[in-house]
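Just so you know, all these numbers are worked out from the coordinates, no wet-lab data involved. Values in this document were obtained by computation on a predicted structure and should not be read as measured data. So basically every Cβ, Gly included, is an ideal-geometry build from the backbone, and we count neighbours across all protein chains shown.
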Ligand code: GUN
Ligand code: ZN
């Protein structure tokens with residue numbers, strides 16, 4: 001058991017819906033952790049006497065918040081960040097598909113998993129929905145590492161049976177069989193979740209997408225993750241390969257891959273019909289702004305997607321994304337919204353990276369808040385982390401201003417501490 005003190009800040013509702021104060025903020029707060037969970041939180045002056053003798057860390061004016069959740073990234077791309085490429089398909093063929101072939105080696109995958117989760121924690125990310133590779137050993141390595149830290153992590157074996165090097169291909173049948181046995185082995189173990197993971201319609205045959213849809217239906221506790229409408233050449237290739245489909249979204253729909261726990265990365269160039277169908281089915285889009293900017297994929301229309309009632313999550317999309325930091329991801333989301341002429345607030349961005357992502361994933365009982373009984377996945381953010389952040393912070397006159405400066409200027413340096421299930425990671 002231990003106590004941490006500082007400014008407690010958590011979101012309680014979706015700011016874009018129009019609530020004036022969509023958060024709870026306790027300036028002189030205290031939080032008690034016990035056995036990986038939040039036992040008590042409130043005003044430090046109200047701390048019950050029975051906790052008086054517990055070890056206590058005082059973080060002063062730093063913000064104590066729920067850990068960030070990254071709703072889309074690629075574990076095997078952990079070190080191929082910042083690869084110079086023309087656009088999505090060029091970048092995939094030239095770098096990504098080469099790097100991912102290494103993950104058939106269990107030792108490489110195990111070392112990568114340790115580094116990957118360390119790097120997430122260093123950046124304040126305590127949960128994620130991640131892609132792996134086609135290799136069973138890679139997923140075993142990632143899940144084992146997350147399990148050893150009692151971390152809530154969702155992943156799955158990538159399914160791909162065409163348009164990639166032989167070393168990165170399975171078949172419809174092996175993908176189905178291996179995914180099934182991995183679901184049986186890992187889904188629901190500790191805090192782990194399984195996502196049926198067809199990479200995208202470019203690299204899966206109709207038979208494999210059908211197998212993915214069958215698994216998603218057979219195992220209602222699983223999530224589904226894939227990519228959708230990221231890049232114009234990608235869309236043209238899918239339309240050509242599936243001439244009977246109405247559009248890209250309809251390809252996945254046809255195979256039963258839409259639904260409440262279906263997470264589609266990017267969704268930049270969707271038609272109104274596609275947005276309406278995603279909304280009707282409860283499917284979510286994961287906005288990946290640093291990746292969309294880096295690969296020149298396009299400007300995601302946050303407000304338009306929201307108006308269509310499509311749930312929006314946020315992710316780094318490492319290694320297409322340029323930073324592990326959800327703060328830097330929020331910064332790019334803000335800039336993209338500016339370029340699209342609409343502007344998201346710091347409340348929108350911080351909500352998305354915490355409770356918003358937890359809700360889209362259906363995990364808000366477990367993560368995304370500082371509620372008692374939740375897992376103690378907590379970060380401590382320092383608004384004065386660098387000399388210039390300190391100067392800027394002196395001008396801040398509202399909590400929105402503090403958060404806004406943090407997301408525009410902050411990165412891993414602003415993360416003073418990260419707790420995963422109550423265990424400090426630094
Ligand atoms: N579409 C299919 N695979 C990928 C990937 O690895 N990264 C991104 N950004 N888009 C994809
Ligand atoms: Zn991706």
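If you build the Cα gyration tensor of the stretch 343-426 and take the root of 5 times each eigenvalue, what three semi-axes come out, in whole angstrom, biggest first?
Values: eigenvalues 121, 56, 18 Å².
Values for the stretch 343-426, descending: 25, 17, 10 Å.
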Find the centroid of the Cα atoms in the stretch 90-136 and in the stretch 264-329, then give the distance between the two in whole Å. 21 Å
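Among 80-87, 148-155, what's the highest-first ranking by average C-beta atoms within 10 angstrom per residue?
Details: 80-87: 13.9, 148-155: 21.4.
Ranked by mean Cβ neighbours within 10 Å, highest first: 148-155, 80-87.
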Full-stretch length increase - residue 162, residue 49 - with 0.36 nm per residue and alpha-carbon distance subtracted: 34.3 nm
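When the helix-only estimate is applied to the chain (DSSP H runs of n ≥ 4, each -39,500 (n - 2.57), divided by the residue count), what is the mean residue ellipticity at 222 nm, nearest 500 deg cm²/dmol? Walk me through the numbers before you get to the answer.
Details: 16 runs with 148 residues, N = 426.
Only helices count here, giving -10000 deg cm²/dmol.
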Once you place label points 7 Å from the Cα toward the Cβ at residue 232 and residue 86, how far apart are they in nm? 1.4 nm
Computed on alpha carbon atoms, what radius of gyration and Dmax characterise the stretch 250-293, expressed in Å? 10.6, 30
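Using alpha-carbon pairs under 8 Å, 6+ residues apart, how would you state the relative contact order of the stretch 1-66 in percent? Kindly include the intermediate steps, with their values, before the conclusion.
Values: 120 pairs, mean separation 29.7, N = 66.
The value is 45 percent.
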Taking the chain as the reference, fit the longest principal axis to its C-alpha atoms, fit the long axis of helix 326-339 to the helix C-alpha atoms, and give the angle between the two in degrees, 0 to 90, nearest 10. 70 degrees
Counting only the backbone N, which residues of the stretch 69-102 are under 14 Å from the spot 7 Å out from the Cα of residue 122 toward its beta-carbon? 78-81
Counting every C-alpha pair in the stretch 102-181, the percent lying more than 14 Å apart is 62 percent
P(r) tail for the stretch 233-273, what percent of Cα pairs lie past 12 Å? 63 percent
Spacing of the two label points (7 Å from each Cα toward its C-beta) at residue 58 and residue 111, in nm: 4.4 nm
To the nearest 10 degrees, the tilt of helix 106-122 (Cα long axis) against the first principal axis of the alpha carbons of the chain is 40 degrees
Of all DSSP beta bridges having both residues in the chain, the percent classed as antiparallel (nearest 5) is 45 percent
Using Cα-Cα distances under 8 Å and only pairs 6 or more residues apart, what relative contact order does the stretch 18-120 have, in percent? 16 percent
Relative contact order of the stretch 63-137 (C-alpha contacts under 8 Å, at least 6 apart) in percent is 54 percent
Which percentage, to the nearest 5, of the DSSP beta bridges contained in the stretch 1-123 is antiparallel? 75 percent
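With all distinct Cα pairs included, what does the Kirkwood hydrodynamic radius of the stretch 1-132 come out to in Å, to one decimal, could you say? Display every interim value, and only then the final one.
Details: mean 1/r = 0.0548 Å⁻¹.
By the Kirkwood definition, the hydrodynamic radius is 18.2 Å.
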Over the Cα atoms, compute the radius of gyration (one decimal) and Dmax (the largest Cα-Cα distance, rounded to a whole number) for the chain, in Å. 20.9, 69
Segment residue 24-residue 303, length gained on full extension (0.36 nm per residue, minus Cα span): 98.0 nm
Note the angle between two axes, namely the Cα long axis of helix 399-409 and the longest principal axis of the Cα atoms of the chain, as a number of degrees from 0 to 90, rounded to the nearest 10. 50 degrees
Would you list 416, 185, 157, 426 from fewest to most Cβ contacts within 10 Å? 426, 185, 416, 157
